Amino acid sequence: MIERRDIDGDGPMSTTAVSRQTRDLTAVELAHVNKRYGTVAAIVDVNLSVAKGEFVTLLGPSGSGKTTLLNLLAGTISPSSGRICINGHDATAIPPSKRGIGMVFQNYALMPHMTVFDNIAFPLRVRKVPAIEICRKVQRVLELIQLPDVGNRKPRELSGGQQQRVSLARCVVYNPALILMDEPLGALDKKLRDQMQLEIKRLHSQLGITMLYVTHDQEEALTMSDRIVLMDRGRIEQIATPDELYFHPRSTFAAEFLGQSNLFDVRVREISSFVGLTSEFGPLRASLPPFAVAEGGSAVAMVRPENMSVLIEGEAPGVLNCIQAVAIDSIVLGGMVRHHLRLADGRTLIIAELNRTNRTRLIGGHNVRIVWRAEDTLLLR
Amino acid sequence: MPRLKARQDHLRISSFFAWLGYFFLVVPSLVVIPISFSTSSEIAVFPHRLSLHLYREFFHSSNWWPTTVQSFRVATLATVLALIVATPAAYALVRYEVRGKRLIHLVFLSPLFTPVVVIGLGSYLYFAYLGIGGTTLVLVFAHAVMISPFVLIAIMAGLRHIDPTLETAAMLMGASRWMIFGRVVLPQIVPALAAGALLGFLVSFDEVVIAYFVTSPVSQTLPVKMYSAIQWEISPVIAAVSTLLTASSLVISLAISLLQKPAWKAND
């Protein structure tokens, strides 16, 4: 993912950079960036480094500051403090028009009075590229987005998905250092969204352009990203790969924002190669967390629904964590079945299992035993 | 369904009064139309014989035609001047948050609230003091001041219609402010510019009070000529002139209302 190819296919642009310092491999670097509006802190001490060619998603609920962060990078707003580097250069004071950034907007932002060709040619004309070159490059990106024949049409004559592809092409055509995307698929329906996710990923891997993608859709973030930056109330909550973020969330917020989770209040009993816990449901074991825990301290333990299973009558739990619960009901979702159970303290527990013959549903009111592995128990801060 | 019937009656009565209102307002100006087709010997609201005599007299007389040309010149120049001033002002007022924005807006609209007599007298005294009183230029300036609020309002409405993210997108693609204004903003507000220009032209072309104050016999406009024609010579040609003015105003108004819908949205 280090190489960055020109859309003309002229070959790798910076293969020699491999031997240089890591600075040269960094597309974006944010250091202690803060943004305040009066007394309201929109962005709080954000540090982030994005490698060249990486696909990074800013994920978070609305109001978490992800769009503000994107606008800080675009330069349409400036930080209250901190430094923003793009391609190794300090860009904090550089105006948006000089940053060499591309941006894809949720409403496509195509010029309604221009044809598709003129829209894509716009950034090239701004750069005073010769007319023949413009023709060649525009045709090339139109083929790249698989819409080779729409050049003479006006944007309003295209569907939403097509318009968004044209708006992507308009970015790609001038080979910006970085493409920012602000919920680009938010206005499309589910089916088209899935299709466009693949399309964007294809363009990304084909061209190797660094992309920073804003979304509030966790599924989209998990599907598309190399890394996810999870944000909450202006702060970065966790930066991790999709797998890491899903199976090793570091906070309750991260665990609850992405997917479903079962949480237990526990007390740390002993620390060895694993962490021994006491809970209302008996002793439990958890893997060692990446942060320090003290014996006797209280903590929150998290288990993903798909890491738990219902113990069949007569089986022995072995070394697994095992607790008692009362079945409420089971919902069959095709290949998956989701069990809802009630714990002794009244909390609801969710288990997701593969749907197999003869063991689909639980009968409401029955006592069942739930088991899961110690390493699937995660301590959260 | 007595309630529905009562509502229908209510509607019928109110629409009757509405039509009565229109009738009352429009008839006095329509009365000139039949008069304009009279012969020179007979001036009547319902002439016995129709003729184009009065129109012929209007187009051929050395009295009327030069003032019409003068009105055209003044209205065109005043409109151009108003567009040059109002377009950047409208852009700034719609797009930027500046200190005292509301006050600036009010100042730009103030010619609307100032009595025309005051603008007329003020212009007369001011330009006389500058030593250029009575020239065409003075009237152009005075009319530009008077019509700029109309042009400003039309352009601001057009600007509020267009999406500001287009300008952000253009900026990120590297376009300069001038390029954004010229290539992104202006082409999109062409209908609003045209509507504003037509409205401004119409207002200036018809304006009599200010023109009466600041023109001299050599820079006289059509409405001023009409006004003095009523006072000094009871010429029936004025009916033909009025009819022509009414017809051209109607055409321009229709054009403005068509322009209210931006061209590229026309078939949505």
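When A:173, A:138, A:166, A:214 are checked against the criterion of being without any contact (Cβ under 8 Å) to a residue 40 or more places away in the chain and not basic (Lys, Arg), A:138 stands alone in meeting it.
Among the candidates A:126, A:116, which residue alone is more than 9 Å from chain B (Cβ to nearest Cβ) and open to solvent by less than 40 Å² (accessible area, probe 1.4 Å)? One residue alone meets the criteria, A:116. For the condition farther than 22 Å from residue A:372 by Cα and either in contact (Cβ under 8 Å) with a residue 12 or more places away in the chain or open to solvent by less than 10 Å² (accessible area, probe 1.4 Å) (or both), residue A:248 does not qualify.
So for region A:297-316 (the condition being assigned to a strand (DSSP E or B), acidic (Asp, Glu), without any contact (Cβ under 8 Å) to a residue 60 or more places away in the chain and out of contact with any helix residue (DSSP H, G or I) (no Cβ under 9 Å at 6 or more places or on another chain)), does at least one residue qualify? Can you show your working first?
First, pick out the residues of region A:297-316 that are assigned to a strand (DSSP E or B): A:298-303, A:309-311.
Subsequent filtering for residues that are acidic (Asp, Glu) retains none.
No, every residue in region A:297-316 fails to be assigned to a strand (DSSP E or B), acidic (Asp, Glu), without any contact (Cβ under 8 Å) to a residue 60 or more places away in the chain and out of contact with any helix residue (DSSP H, G or I) (no Cβ under 9 Å at 6 or more places or on another chain).
Whether any residue in region B:253-261 is within 14 Å of chain A (Cβ to nearest Cβ), of a type outside the set (Phe, Trp, Tyr) and closer than 30 Å to residue A:74 by Cβ is what I want to check. If you could, list the steps in order and put the result at the bottom.
Going through region B:253-261, the residues within 14 Å of chain A (Cβ to nearest Cβ) turn out to be B:261.
Then drop every residue that is not of a type outside the set (Phe, Trp, Tyr), which leaves B:261.
Retained after the next criterion (residues that are closer than 30 Å to residue A:74 by Cβ): none.
No: zero hits.
Remark: residue B:140 falls outside the filter, which requires a residue to be within 14 Å of chain A (Cβ to nearest Cβ) and among the hydrophobic types (A, V, I, L, M, F, W, C).
Among the residues making up region A:351-362, those that are surrounded by fewer than 17 Cβ atoms within 10 Å (Cβ to Cβ) and at pLDDT 80 or above are A:354, A:355. The lone criterion from (1) open to solvent by less than 60 Å² (accessible area, probe 1.4 Å); (2) out of contact with any Asp or Glu (no Cβ under 8 Å at 6 or more places or on another chain) left unmet by residue B:212 is number (1). Within region A:254-275, being of a type outside the set (A, V, I, L, M) and open to solvent by less than 50 Å² (accessible area, probe 1.4 Å) holds for A:257, A:259, A:261, A:262, A:264, A:274. Picking from residues in region B:226-246 that are assigned to a helix (DSSP H, G or I) and open to solvent by 50 Å² or more (accessible area, probe 1.4 Å), the one that is modelled with the lowest pLDDT is B:232. Across region A:150-178, the qualifying residues are those that are over 22 Å from residue A:212 (Cβ atoms) and among the charged types (D, E, K, R), and the one among them that is farthest from the other protein chains (Cβ to nearest Cβ) is A:153. Of all residues in region A:326-345, which are open to solvent by 10 Å² or more (accessible area, probe 1.4 Å) and assigned to a strand (DSSP E or B)? Those that are open to solvent by 10 Å² or more (accessible area, probe 1.4 Å) and assigned to a strand (DSSP E or B): A:326, A:328, A:329, A:330, A:331, A:332, A:333, A:336, A:338, A:340, A:342. Checking each residue in region A:147-186 for being charged (D, E, K, R), touching a Pro at 6+ places or on another chain (Cβ under 8 Å) and open to solvent by 10 Å² or more (accessible area, probe 1.4 Å) picks out A:154, A:156. Can you list residue pairs whose Cβ atoms sit under 7 Å apart, with the first residue in region B:184-210 being more than 14 Å from chain A (Cβ to nearest Cβ) and the second being open to solvent by 10 Å² or more (accessible area, probe 1.4 Å) and in a loop (DSSP other than H, G, I, E, B)? Count only pairs 6 or more apart in sequence or on different chains. Cβ pairs passing all conditions: B:195/B:260. Looking at the structure I just gave you, is residue B:8 of a type in the set (S, T, N, Q), part of a helix (DSSP H, G or I) and surrounded by fewer than 17 Cβ atoms within 10 Å (Cβ to Cβ)? Yes. Given the residues B:223, B:217, which is the only one that is open to solvent by 50 Å² or more (accessible area, probe 1.4 Å), more than 14 Å from every other protein chain (Cβ to nearest Cβ) and not polar (S, T, N, Q)? The conditions single out B:217. Based on what the data block shows, is residue B:155 closer than 30 Å to residue A:74 by Cα, in a helix (DSSP H, G or I), open to solvent by less than 10 Å² (accessible area, probe 1.4 Å) and more than 14 Å from chain A (Cβ to nearest Cβ)? When the stated conditions are applied, residue B:155 passes them. Among the numbered conditions (1) exposed (fewer than 14 other Cβ atoms within 10 Å of the Cβ); (2) of a type in the set (Phe, Trp, Tyr); (3) touching a residue at least 60 places away in the same chain (Cβ under 8 Å), the only one that residue B:24 does not meet is (3). Among the conditions (1) more than 8 Å from every other protein chain (Cβ to nearest Cβ); (2) of a type outside the set (Asp, Glu); (3) surrounded by fewer than 18 Cβ atoms within 10 Å (Cβ to Cβ), the only one that residue A:98 does not satisfy is (1). Only one of the listed residues (A:142, A:110, A:147) is of a type in the set (A, V, I, L, M) and at the interface with chain B (Cβ under 10 Å from one of its Cβ atoms). That residue is A:110. Among residues of region A:85-96 that are among the polar types (S, T, N, Q), those with a beta-carbon under 9 Å from a residue that is open to solvent by 60 Å² or more (accessible area, probe 1.4 Å) at least six positions away or on a different chain give the pairs A:92/A:78; A:92/A:83. When the criteria are applied in full, residue A:195 fails the requirement of being modelled with pLDDT under 90, more than 30 Å from residue A:136 (Cα to Cα) and out of contact with any helix residue (DSSP H, G or I) (no Cβ under 6 Å at 6 or more places or on another chain).
The values are calculated or read from the model by the stated rules, or taken from the named source; none is laboratory data. Everything numeric in this text was worked out from a predicted model, so none of it was measured. With ideal geometry, Cβ positions are generated from the backbone for all residues, glycine too; neighbour counts draw on all protein chains shown. To get the accessible areas, we keep the full protein, side chains included, count just its heavy atoms, and leave off ligands, DNA and RNA. Shrake-Rupley method; radii C 1.70, N 1.55, O 1.52, S 1.80 Å.
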